[in-house]
Structures are given as C-alpha cells and as structure tokens.
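Below is one structure, written out as structure tokens; comments come after it.
Just so it is clear, none of the values below were taken in a lab; they were calculated from the coordinates. Computed from a prediction, not measured in an experiment: that's the story for all the values here. In this analysis, Cβ positions are derived from the backbone assuming ideal geometry, glycine residues included, and neighbour counts consider all displayed protein chains.
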Amino acid sequence: MDTQSNTAVAEPPVDTGQPLLAVEGVTVRFGGVLAVDGVTMSVPSGQIRGLIGPNGAGKTTLFDSITGVNNPAAGSIRLEGTELTGRPATMRARMGIRRTFQRQQPFGWLSVADNVLAALEWEGGGGGIAADLVAFPPRRRIEAERRQRVDEVLELCGLTDIKHIPAGELPIARARMVELGRAIVSRPKLLLLDEPTSGIEHEEADQLAHIIQTIRSEDQCSVLLVEHDVAFVMAQCDLITVLNLGRVIGEGKPEEVRNNSAVRDAYLG
C-alpha cells in the first residue's frame, strides 16, 4: 500500500463520545451471495472514519444499507440512537444523512448553483404555491437565505466562477465538486463519500481534503469515507475500518492499519 501523500494531515476527533452512527452485526445478501457479513462499526460525532478494502469487499453495499438503498438481512443501524432499518432513504436524508456516489449524478440541465440549491428545496418555502406566486415576504427571505448558503458552498468547493454553467457541461472533477456541494449545503450530520477522488487530479484532491476538514470543524459533520486512494484515507481519517469479502479484517488508527498484516495480505494477495 502506497501511503505517501502531501494532503493535509487529519486533526484529532472533535467528539469521542456516544457514536453518531452505530452499525451492529449488519449482514446483506443478494441471493446466495453474502455481500456484507456481520459488520460492526461506529462513527462518533465529528469523526472522519475511513472504510477501505479491495474491490468487492462490500464497502458500497454497506453504504447502501446505511442510506436506505437496501435493507440488511440482519443487524442494526442507528443514527443518534434511532433505528434506521426499514426506514426509507428519504426519511434518513431528512434525519441528516447525505451521500455522494461513485458515478457523479448532477442534474445536467440545471446550472451549478441550481444543482446545489435543489438540495435545500425539500425543506419547503413557507406558504405553499400561493406564496410562490405572490412572492410572499417570508418566502423571499427564505429564498435569499438559501441563495446565500449556496454561495458559501460554491466558494468552499471552488465553483463560484462557473455557478451559471449547466452542470452537464462540466468535466468529471468539477461535476464531483457539484455533487459534493449538493451533499453538504444542508449541513448534514453524517456525510458518506463514495470514491470522491476518482477521476480528479492531485490539486483537486487537496481541495477535497480541505472541504472535508472544514465541514468537520465548522459544522461538526461526521464523515464516512470509502476510497481506494489509501494515502488520502491515511491523511484524512481519525480511524479506519478495513473490509474484505464482506467482513471486518482490521480497524484502528491509520498507523495501526498500515502495519496490520491482514490488511496488507488483503491488498497484496
């Protein structure tokens, strides 16, 4: 495993108290395939937790279970003590969980700014359709506050200069930043990032690292990071969980994981 990187070194966890996210004994099957096998892990508030492993280890499947894309055959997933299993993905999002995907999914026909703004519209604008039609003052105030928040996120993500460009015209790296902006604009409690450095250059990875550390320190947002760039994970994460063939084979601080022989065997064969 190559663990050399000049990305920013992670700060200590902000909060080491009761876990924000608790995953206990989660098992996911697809027919006769056991994709996730009794995984237990936790993410305290304000912590950046890495989730690594070879291809097919079950990382994205576990993400899907946490966010409600699939429901596990066994086990428990709790957010701030509230059981999530069986709850729809929309409800989990409203509880404060956001995610990005390996394959970026912007609304290509909308501008960059409107892509990010769309993530706030589920909160409603006050007064319903009638308020929209007559530009009801509370609606105007809410809209102004949202636009201000969008501008803050665009600046953080380095997107201000292209805010009016349709997202469908962007290269991969910038489209990933649009999706990240859309995920963080509502100040989530838990952000799940699935392969966020895929297709981006070193300078853009440094910017991503800055964004992750900023939302952790300023918004107390916990992050669960799936990433094949092990050096990036080692630099950014407080603790790392390693999966192989659906099972946890290692866990600990970056240095402990780096020196774990089972982890090295899983990567090197």
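Leaving out same-chain residues fewer than 8 places away, which lysines sit with a Cα under 27 Å from that of Lys59?
Within the straight-line cut-off, Lys59 pairs with Lys189, Lys253.
What is the dipole size for the chain, taken about its Cα centre, with +1 at each Lys and Arg Cβ and -1 at each Asp and Glu Cβ, in debye to the nearest 20?
With only Lys, Arg, Asp and Glu charged at Cβ, the dipole is about 840 debye.
On a 0 to 90° scale, report how tilted helix 172-184 is relative to the longest principal axis of the chain, with both axes built from alpha carbons and the result rounded to the nearest 10.
80
Taking the inverse of the average 1/r across all pairs of different Cα atoms in segment 37-194, what Kirkwood radius in Å do you get?
17.4
What's the Cα-based Rg to Rh of segment 78-126, Rh via Kirkwood?
Here the Rg-to-Rh quotient is 1.05.
I'd like the antiparallel share, as a percent to the nearest 5, of DSSP beta bridges with both residues in the chain.
Of all bridge pairs located within the chain, approximately 55 percent are antiparallel.
Let me check I have the definition right: for segment 147-237, take the eigenvalues of the Cα gyration tensor, multiply each by 5, take square roots. What are those semi-axes in whole Å, largest first?
One finds semi-axes of 20, 17, 10 Å for segment 147-237.
Can you give the convex hull volume per residue for the Cα atoms of the chain, as a whole number of Å³?
Measuring per residue, one finds 139 Å³ for the Cα hull of the chain.
Which residue fluctuates the most in the chain, going by a Gaussian network model with Cα springs under 10 Å, if the choices are Ala167, Ala235, Ala74?
Checking each option, the largest mean-square fluctuation is seen for Ala74.
Can you give the angle from 0 to 90° between the axis of helix 137-156 and the longest principal axis of the chain, with both taken from C-alpha atoms, to the nearest 10?
40
Could you work out [θ]222 nm for the chain from helices alone, using -39500 (n - 2.57) per DSSP H run of at least four and dividing by all its residues? Round to the nearest 500 deg cm²/dmol.
Result for the chain, helices only: -11000 deg cm²/dmol.
Provide the descending list of Cα extents for segment 23-62 along its principal axes, expressed in whole angstroms.
Sorted largest first, the three principal extents are 37, 21, 10 Å.
What's the long-distance tail for segment 188-269, i.e. % of Cα pairs beyond 17 Å?
On the way: 1646 of 3321 pairs.
Counting every Cα pair in segment 188-269, those more than 17 Å apart make up 50 percent.
Please state the relative contact order of the chain as a whole percent: Cα pairs under 8 Å, 6+ residues apart? Don't jump to the answer; show the numbers that get you there.
Details: 517 pairs, mean separation 82.3, N = 269.
Dividing the mean separation by the residue count of the chain yields 31 percent.
List the lysines whose Cα sits under 22 Å from the Cα of Lys163, skipping any in the same chain fewer than 8 residues away.
Cross-link targets: none qualify.
If you build a Gaussian network model of the chain, linking Cα atoms that sit under 10 Å apart, which residue out of Arg141, Arg99, Arg174 swings the most?
Looking only at Arg141, Arg99, Arg174, the largest GNM fluctuation is found for Arg141.
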